[in-house]
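The values are calculated or read from the model by the stated rules, or taken from the named source; none is laboratory data. Keep in mind that what you see is a predicted model, and the values were worked out from it rather than measured. Neighbour counts are summed over all protein chains in view; Cβ atoms, including those assigned to glycine, are modelled from backbone coordinates with ideal geometry. Only protein heavy atoms, including side chains, enter the accessible area calculation; ligands, DNA and RNA are left aside. Shrake-Rupley method; radii C 1.70, N 1.55, O 1.52, S 1.80 Å.
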Amino acid sequence: MTATTNRPLRHAVIGAGMAGILAAIKLKQRAEDFVVYEKAAKIGGTWRENRYPGLSCDVPAHAYTYSFEPYPEWQAYYATGSEVQGYFEQVVAKYGLAADIRFNSEVSALDWDAGTNQWTVTLADGSRDVFDVVIAASGVLHHPRLPEIEGLDSFEGPAFHTARWDDTAPIDGAKVGLIGSGSTGIQIVTAINKKVDKLVHFQRSPQWVMPVPQFQYTEEEREAFRRDPALIDAIRFADEYIGNIKRFTDAITDIDGPQMTMIEDVCRQHFESSIRDPELKEKLRPNYRAACKRLIYSWCYYEEVQHPAVFVETGKIARIEPKGVRMADGTFHELDTLILATGFQADKFIRPAGVTGENGMTLDAFWATRPTAHYAVTLPHFPNLFMLNGPTGPVGNFSLIDIAERQWDYIDQLIDLLRKGEAASVMPTVDAHNAYEERRIAAAKTTIFGSGCTSWYLDATGVPASWPWSYDAFADAMAKPVLSEYAIRTPVAA
Ligand code: NA7
């Protein structure tokens with residue numbers, strides 16, 4: 001006989017960034033027992049760790065909020081990083097979550113006990129606790145990737161990764177080197193070019209740039225947003241944003257279709273009409289298709305990179321020496337400060353925590369080829385473990401908050417089986433997951449991300465690691481889990 005009584009659950013949420021805060025709010029609203037483990041001393045995840053000059057969110061501010069927590073106070077159409085961090089801090093305060101978060105508590109291991117259907121969570125300090133459900137909300141881009149360049153340690157001045165910003169490093173009036181031209185490197189160029197004596201931007205690959213508007217909101221507009229949330233919704237759901245997302249995901253999956261042609265035309269036209277110096281123009285001309293790498297959304301990069309203090313260096317770096325960077329052709333760039341905008345190890349997720357599921361299966365073993373999760377959320381062999389913004393989820397220039405909220409709706413329906421006592425454990429079957437991965441990989445190879453460029457969107461085998469279908473298909477998938485794809489173990493009858 002199957003038990004049907006409600007079962008009180010204990011949840012561990014790993015990470016107090018955007019997704020972990022979301023899970024905490026949802027669990028608190030249900031008055032469920034939960035603990036949020038946060039490795040750092042503050043909330044905010046990526047918005048806490050990144051403080052580099054020029055940091056902004058490339059999703060319109062009013063669209064980069066929880067759907068249930070609109071924010072009339074945004075200063076501009078695109079918000080700065082510190083404003084986004086401030087948004088999350090005030091949400092945490094409003095929901096009284098600080099007491100639910102254990103700060104300075106890095107999770108080092110998760111171990112499933114099939115006898116009790118529970119996870120043991122072990123922290124770096126060796127302490128342990130036991131939970132029915134684990135929500136892994138540990139983020140994607142949080143392990144800095146340092147370049148393997150000879151002599152990096154020999155540089156005499158400050159040399160640091162962008163996610164470890166050194167406030168004492170000379171920038172004003174200094175000779176600054178910046179390695180990397182992803183979203184981070186590009187934003188830094190636009191913020192420090194007028195402060196430095198010289199900025200050498202070491203660019204291995206140029207970028208396609210989508211021109212976007214940027215403007216400040218006035219106090220009158222903010223007052224109007226406070227009085228009438230419908231005005232915020234009008235921005236959040238405006239066609240310029242929602243329509244663009246749909247067109248963007250149509251474009252990346254139909255790479256010779258009209259939407260992609262439109263994206264390419266806009267980027268090409270922006271490029272052709274913006275760069276005046278023919279030599280610089282050739283340096284900045286990408287040799288791959290727009291949107292293959294994450295598109296740069298910028299209102300000012302092309303203008304700012306043409307500032308006389310900026311030199312775009314496209315040669316090969318030979319080595320780093322105590323006083324600067326030596327190029328393969330012998331050129332030497334003398335520098336006071338070296339900024340490493342070289343991205344993140346995007347395949348780590350919850351690791352290096354050691355995760356051991358059913359029958360001793362480890363996450364390292366399950367992810368030996370590539371990180372994967374069923375519809376980006378659940379994993380065979382790892383019951384009652386749910387991921388927010390896990391592997392194979394949608395990536396692109398849209399709000400990951402919306403992605404996480406939809407994933408939460410999916411997760412919540414699965415947890416409901418546990419709450420109601422209809423299941424003791426739930427996880428996708430190996431067969432269902434393998435079928436999903438086979439479909440996903442076949443589709444991913446045909447997306448624009450797989451059209452011939454390098455990027456953090458690709459896994460170690462060169463296959464795009466993302467959701468390869470439309471945004472609507474993702475929304476449909478998240479609306480209701482297909483329970484026939486799940487191994488649902490019923491509780492033992494009392
Ligand atoms: P990205 O987008 O991964 O960019 C990293 C950049 O660093 C990219 O231009 C790389 O060139 C360059 N890179 C990496 N290693 C080297 C070495 N060894 N030598 C020279 N250049 C190198 O990271 P970001 O931090 O900019 O952005 C990450 C995401 O954060 C972004 O997409 C948003 O979602 C927020 P490459 O292109 O590989 O030739």
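Below are the figures for this structure:
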read-out: Rg/Rh ratio calculated on Cα atoms of the stretch 1-89 (Kirkwood radius); value: 1.11
read-out: Environment charge of Trp299, counting only residues whose C-beta is closer than 15 Å and scoring Lys/Arg +1, Asp/Glu -1; value: -4
read-out: Loop-located trypsin sites (Lys or Arg not before Pro) in the stretch 9-105 whose Cβ has at most 14 other Cβ within 10 Å (DSSP); value: Arg30
read-out: Spacing of the two label points (7 Å from each Cα toward its C-beta) at Glu148 and Thr454, in nm; value: 1.1 nm
read-out: Karplus 3J(HN,Hα) series, Hz, for the stretch 37-44 with 6.51 cos²θ - 1.76 cosθ + 1.60 (x for Gly, Pro); value: 9, 10, 5, 9, 8, 9, 7, x
read-out: 12 Å beta-carbon shell around Thr461, net charge (K/R +1, D/E -1); value: 0
read-out: Value of Rg to Rh for the chain (Rh from inverse mean 1/r over Cα pairs, i.e. Kirkwood); value: 0.98
read-out: The stretch 370-411-the stretch 441-494 distance, computed between alpha-carbon centres (Å); value: 8 Å
read-out: With DNA, RNA and ligands ignored, accessible area of Ile242 (1.4 Å probe; Å², nearest 10); value: 50 Å²
read-out: 5 angstrom amide H check on His161, placed H, neighbours 5+ away; value: Leu340
read-out: Diffusion coefficient, µm² s⁻¹, Stokes-Einstein with Kirkwood Rh over alpha-carbon pairs of the stretch 183-312 at 20 °C and 1.002 mPa s; value: 128 µm²/s
read-out: Karplus 3J(HN,Hα) series, Hz, for the stretch 116-122 with 6.51 cos²θ - 1.76 cosθ + 1.60 (x for Gly, Pro); value: 9, 6, 9, 9, 9, 9, 10
read-out: Sulfur and carbon atoms: percent of accessible area, the chain [1.4 Å]; value: 52 percent
read-out: Base-10 log of normalised Debye intensity for the stretch 96-161 (one unit scatterer per alpha-carbon) at q = 0.21, 0.25, 0.27 Å⁻¹; value: -0.97, -1.18, -1.26
read-out: Given charges at Cβ of Lys, Arg, Asp, Glu: the chain dipole, positive-most of Val312, Ser470, Leu123; value: Leu123
read-out: Top positive-direction residue, dipole computed over the chain with Cβ charges, set Phe386, Thr356, Ile415; value: Thr356
read-out: 13 Å beta-carbon shell around Gly115, net charge (K/R +1, D/E -1); value: -2
read-out: Three-way shape label, the stretch 358-449, alpha-carbon gyration tensor, a/c 1.5; value: oblate
read-out: Solvent-accessible heavy-atom area per residue, rounded to whole Å², over the chain at 1.4 Å; value: 42 Å²
read-out: FRET efficiency, Ala234 to Asn6 (Cβ-Cβ, R0 30 Å, nearest 0.05); value: 0.15
